[in-house]
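Let me begin by presenting the structure, written as structure tokens, before commenting on it.
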Amino acid sequence: MKLIRIAAILALFANSSAAGATTNVLLILADDLNDWVGALTSHPNARTPNIDRLAAGGMLFRQAYAASPKCNPSRTALLLGLAPSTTGIYDNGHWWRPHMPEAITLPEAFRRAGYHVAGGGKIFHHTAGFNPPDLWDAYFDLRFDDPWDRAGPAYPGLGPARPPPGHPLAGMTPFRHELDWGSLPIREADYGDARTVAWAGDFLRQERAQPFLLAVGLFHPHLPWYAPQRFFAAFEAGQTALPHAPADDLADVPAEGRRLAARGADVFAAIRAAGKWAEAVSAYAANIAFADALVGQLLAALEDSPHSENTVVVFASDHGFHLGEKQHWHKSTLWERATHVPLVIRGPGVAAGSICDSPVSLLDIYPTLLELAGVPAGSKLDGHSLAGLLADPDSEPDRHAGITYLHGNHAVRQGRWLYIRYRDGGEELYDRAADPHELTNLADDEELLAVKRALAELLPRGNAAAAPLKSAYVFDSGEYSWVPKP
């Protein structure tokens, strides 16, 4: 019976319009958006009516996880379909193309199948060398709202640094360049993500002879948190629910976990010392609301287009973000706050308002889209198609999601459990059903030894050597080529 349901949903995707047109794909990726989405009910101040509407029209995966809690390793994993433990892409300092020149990316797989492949904004990591132009038929470069900070060799073509009037807008001198928030003195339509969405809307409204894959990357709500004033006005800092962040939360965390948390502890301490914790959390929520409004514009453009009936829409974030939980500010941890992300898939045959509670990974997006569109895989992938879950969200109750950050640090989410094992052997085990804030590490509980061992069996069998750092190459941005340094 399950195979019949899967076959039926694949047939609906393959011939999804009255004319039997081939399925198009609209992939929307947000940046640093944790699970503060209304449909996930993860934060009382979440205001995401457009993402919620998308979820109401398709399937919401309530237990979706990034392959890694940082931009480059997460996006590389999603777009190559390969886990960090396979590629060695563990952090932002690795280029994937010179390290894996034969890898077939998601856009390349669709191009080989005859699709017109276009992208805009932040899809791969946003600095130079991460987005080879031969991947795309058309690409709209990411427009930064903070060009004064993005100038330099990592961002060729942006010119000299020019801080905006009043910088830093948040009123505290940032010791990290991105630590700022406020409204810029520009029109809403001139924000970088708004320009990307306008370009994508024009793309969607055009008649097309070929099926297409359109990938749209929103930089929001990545720091710095700049958004139009109307989104800040919707949130009052004094009415914002603050994250649960007990001061002694790291007491039972092993050394490597404390080390990762410490990387953002100074930022959190500075924000609290300035009396701006609530204001910063409100700013993050405001930027989520701006991102949601942009998603709404994309959905409206699709609905007004000739492609509304035969386009599968995927919405996800690359990873989450801490705002004080575990005394940490930023991402780059293996706890739920940095790894749990929204994921929605809407398309022909997917029951509106359906919900899947099996843990899934962003690694699964690549094989899922291949299967739904009938595009052959050009190489072995680490993810597993979600087509079966789209047909029956209860069909894979034992599924798990794996997460990696840096060499040898891994987490597994399965059922009610989060298990973490660090490269030095340190362990964490949390019963998230009973302990959603992950306050009590159960790794030393002898009664849970069998649970821990079963979860450990799901960790990667090997850890690829870390890819060379960018400093190992000479990169020519004009030729888009890399030469290893002697």
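Overview of values
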item	result
Most positive-pole-ward Cα, THR404, PRO468, TRP482, against dipole of region 392-483 from beta carbon charges	TRP482
Bins of 20 Å, starting at 0 and running to the largest distance - Cα pair percent for the chain	24, 60, 16, 0
Neighbourhood charge, 11 Å Cβ-Cβ cut-off, centred on ALA237 and excluding it, Lys, Arg +1 and Asp, Glu -1	-1
Largest to smallest principal axis extent of the C-alpha atoms in region 264-411, angstrom	54, 42, 29
Accessible area (Å², per residue) of region 259-392, counting only protein heavy atoms and a probe of 1.4 Å	25
Listed residue pairs exceeding 24 Å between alpha carbons, taken from LYS276/LYS326; LYS70/LYS326; LYS380/LYS470; LYS122/LYS326; LYS70/LYS470	LYS380/LYS470; LYS122/LYS326
Net lengthening on full extension, ASP141/ALA255 (0.36 nm per residue, minus Cα-Cα)	37.0 nm
Three-way shape call for region 171-232 based on the alpha-carbon gyration tensor, with the a/c threshold at 1.5	prolate
Accessible-area composition of the chain, carbon plus sulfur, in percent [1.4 Å probe]	53
Cα-derived Rg to Rh of region 264-314, Kirkwood definition	1.33
Mean separation of Cα contacts under 8 Å, 6 or more apart, over the residue count of region 122-264: relative contact order %	23
ARG272 versus ILE355: modelled label distance in nm, points set 7 Å from Cα along the beta carbon direction	3.3
DSSP loop trypsin sites (Lys or Arg not before Pro) with at most 11 other Cβ within 10 Å excluded, longest remaining stretch of the chain	188-379
Overall Cα dimensions of region 262-346 - principal axes, largest extent first, Å	53, 26, 12
Signed unit charges on C-beta, dipole axis of the chain, positive-most listed residue GLY353, LEU418, GLY114	GLY114
The chain: calculated mean residue ellipticity at 222 nm from DSSP helix runs of at least 4, using -39500 (n - 2.57)	-8000 deg cm²/dmol
Kirkwood hydrodynamic radius of region 375-486, from inverse mean 1/r over distinct Cα pairs, in Å	17.4
Under Karplus coefficients 6.51, -1.76 and 1.60, residue-wise ³J(HN,Hα) of region 339-356 in Hz, glycine/proline x	10, 7, 9, x, 8, 10, 10, 10, x, x, x, 8, 5, 4, x, 6, 10, 10
Enclosed volume per residue, in Å³, of the convex hull spanned by Cα atoms of region 112-211	116
Global size of region 341-424 as Cα Rg and Dmax, reported in angstrom	14.3, 47
Viscosity 0.890 mPa s, temperature 25 °C, Stokes-Einstein D of region 154-311 from Kirkwood C-alpha radius, µm²/s	133
Computed P(r) (all Cα pairs; region 28-149; 5 Å bins; percent)	2, 9, 17, 18, 18, 17, 12, 5, 1, 0
Cα lying deepest toward the dipole's positive end in the chain, options ALA255, LEU135, ALA300, charges on Cβ	LEU135
Kirkwood hydrodynamic radius of region 64-125, from inverse mean 1/r over distinct Cα pairs, in Å	12.2
Size of charge dipole - the chain - debye, nearest 20, with Cβ of Lys, Arg +1 and Asp, Glu -1, no other charges	700
Taking region 313-429 and dividing mean pair separation by its residue count, relative contact order in percent (alpha carbons under 8 Å, at least six apart)	20
Part-to-part distance (alpha-carbon centres) for region 349-399 and region 428-464, which is given in Å	25
Rounded, prolate or oblate (a/c below 1.5 giving rounded, otherwise prolate when a/b exceeds b/c) for region 194-259 by Cα gyration tensor	oblate
Selection of GluC sites (Glu not before Pro), region 401-476, meeting DSSP coil and at most 13 other Cβ within 10 Å	GLU457
Kyte-Doolittle mean at least -0.5 and Cα axial length at least 15 Å: DSSP H helices in the chain	2-14, 192-205, 277-303
Accessible heavy-atom area order of MET100, MET59, highest first, probe of 1.4 Å	MET100, MET59
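The values are calculated or read from the model by the stated rules, or taken from the named source; none is laboratory data. Owing to the predicted nature of the structure, the values given are computational and were not obtained by experimental measurement. Glycine also receives a Cβ, built like all others from the backbone with ideal geometry; neighbour counts cover every protein chain displayed. SASA here: full protein model, heavy atoms, side chains in, ligands and nucleic acids out. Shrake-Rupley method; radii C 1.70, N 1.55, O 1.52, S 1.80 Å.
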